[in-house]
Amino acid sequence: PNGALGNRRYNRLQHSVGVAHLAKLYADVKGLRLKEARLAYVAALLHDVGHAPLSHTLEAAFKRSFGIDHHIAGSEILLGHSPYGREITDVLTSYGLDPEEVLAIASGEQDRFDGFFSGPINFDTIEGILRSWMYVKKNTNAVTPEKVVLASINRANDTDMRTVDAFWEFKDHAYRFIVRSEFGVASDFLCESIVLQNITRLERNDYFLTEKQIFKKRYVLIQKAAISPAQ
């Protein structure tokens, strides 16, 4: 783990499963029909499928040099136009789901689920913010993602409002002390600079590699990161 001993790291798969879990909770509470429920939690599960190695850290460099970001990559994956082929596309259609409709929901372009894909309080943000806060303050969450979703659906009483307000406070802290912290911004800048300096060693389809694959294929990136003064 980075930082203090005992900090627990999470990967994007764990986050995506968590987001799908919240969408499933929403579908159950709202009593959605099977197809609508599937659209909700499949879109939630696949909402981050287009992210590159090291996530947003390398995205700006790839966007600038190759015209690809997680929105474009996600679209190509869901529609069967990426190096991964048509496996995801075929799985979706086999269950009667339109990949383009799943994409529209996941991207927030089409949202008939009370703003939980496009609004300020959405499945992705709720799960991601509270998971990030667990990295900093282990086992200190006063609210859980499930409680925030239920409170956001109901908005029925003062308890619900306090739960939602608590989430906003966690979000503010996560961005202030993690995402936009001095260390976080410096780390992103360092990684992007290294990639831009070595952009001729990369190609567009490297965007679809895992972190291990891209470092193995482009070992110079990790070599340069290791000798950087910022490290």
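When the test is whether a residue is out of contact with any Cys (no Cβ under 7 Å at 6 or more places or on another chain) and either β-branched (V, I, T) or open to solvent by 20 Å² or more (accessible area, probe 1.4 Å) (or both), D206 does not pass it. Does region 108-124 contain at least one residue that is among the acidic types (D, E), in contact with a His (Cβ under 8 Å, 6 or more places away or on another chain), part of a helix (DSSP H, G or I) and at pLDDT below 95? No, the conditions are met nowhere in region 108-124.
Among residues of region 41-53 being over 11 Å from the mean Cα position of the chain (by Cα) and within 22 Å of P83 (Cα to Cα), the one that is most open to solvent (accessible area, probe 1.4 Å) is V42. Total residues in region 153-174 satisfying the condition of being within 22 Å of the chain's Cα centre (by Cα) and open to solvent by 50 Å² or more (accessible area, probe 1.4 Å): the figure is 3.
Could you please let me know if F177 is surrounded by 12 or more Cβ atoms within 10 Å (Cβ to Cβ), within 22 Å of F123 (Cβ to Cβ) and within 19 Å of the chain's Cα centre (by Cα)? No, not satisfied. In the list R38, R9, which residue meets the criterion of being of a type in the set (D, E, K, R), assigned to a loop (DSSP other than H, G, I, E, B), over 27 Å from Q197 (Cα atoms) and open to solvent by 60 Å² or more (accessible area, probe 1.4 Å)? Just one listed residue meets the conditions, R9. For beta carbons closer than 8 Å, sequence separation of 6+ or different chains, a first residue in region 107-127 that is without any contact (Cβ under 8 Å) to a residue 24 or more places away in the chain and a second that is among the hydrophobic types (A, V, I, L, M, F, W, C) and in a loop (DSSP other than H, G, I, E, B), the qualifying pairs are G108/F117; D111/F117; G115/I121; N122/F116.
Residues in region 54-99 that are assigned to a helix (DSSP H, G or I) and of a type in the set (D, E) were compared, and the one that is least open to solvent (accessible area, probe 1.4 Å) is E59.
The values are calculated or read from the model by the stated rules, or taken from the named source; none is laboratory data. Remember, predicted model here, so these are calculated numbers, not experimental data. Every residue, glycine as well, gets a Cβ built from its backbone with ideal geometry; the counts of neighbours run over all protein chains shown. Protein only, heavy atoms only, side chains kept; ligands, DNA and RNA dropped before computing areas. Shrake-Rupley method; radii C 1.70, N 1.55, O 1.52, S 1.80 Å.
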